[in-house]
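Below: one structure, written as structure tokens.
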């Protein structure tokens, strides 16, 4: 049996034992923590959504000591840096976008940590 078939079996077995619909939905979304591609796709989706929010909201940011709105490339850059919680400090949010940055950073820590967990689970499953 190949690795992909084994991970599908483990995923469906873990999903079958859950009675809560919300938990079943989360297991499907996350791939039972054995499908790293789901977390990678979720991270890219969050990066894109938050970039669009920062760009379309026209909220003010401090860039090189000037207050202005972000251009689209700056929004993608800022969102990627915030999602990965690097935070260089070259772009500083003002107003309600500070709260959005906290939410994005929190979601980034969760999704990228789950990505690492799913990679480790996949690696450990290969060793068996």
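Of the residues in the range 112-128, none is crowded, with 18+ Cβ neighbours inside 10 Å and more than 23 Å from residue 3 (Cβ to Cβ). Note on the range 13-31: among residues that are over 30 Å from residue 101 (Cβ atoms) and touching a helix residue (DSSP H, G or I) at 6+ places or on another chain (Cβ under 8 Å), the one that is modelled with the highest pLDDT is 24. Determine whether the range 110-120 contains at least one residue that is in contact with a helix residue (DSSP H, G or I) (Cβ under 6 Å, 6 or more places away or on another chain) and part of a loop (DSSP other than H, G, I, E, B). Checked against the condition, which is being in contact with a helix residue (DSSP H, G or I) (Cβ under 6 Å, 6 or more places away or on another chain) and part of a loop (DSSP other than H, G, I, E, B), the range 110-120 yields no hits at all. Quick one: is residue 65 at pLDDT below 95, more than 30 Å from residue 28 (Cα to Cα) and touching a helix residue (DSSP H, G or I) at 6+ places or on another chain (Cβ under 8 Å)? For residue 65, the condition - at pLDDT below 95, more than 30 Å from residue 28 (Cα to Cα) and touching a helix residue (DSSP H, G or I) at 6+ places or on another chain (Cβ under 8 Å) - is not met.
Taking the conditions (1) surrounded by 18 or more Cβ atoms within 10 Å (Cβ to Cβ); (2) in contact with a strand residue (DSSP E or B) (Cβ under 9 Å, 6 or more places away or on another chain); (3) in contact (Cβ under 8 Å) with a residue 24 or more places away in the chain in turn, residue 74 satisfies each one other than (3). In the range 77-91, the residue that is surrounded by the most Cβ atoms within 10 Å (Cβ to Cβ) out of those that are over 16 Å from residue 43 (Cα atoms) and under 21 Å from the mean Cα position of the chain (by Cα) is 91.
The values are calculated or read from the model by the stated rules, or taken from the named source; none is laboratory data. As the structure is a prediction and not an experimental result, all values here were calculated from the model. Quick reminder, even Gly has a Cβ in these numbers, built from the backbone with ideal geometry, and neighbours come from all protein chains shown.
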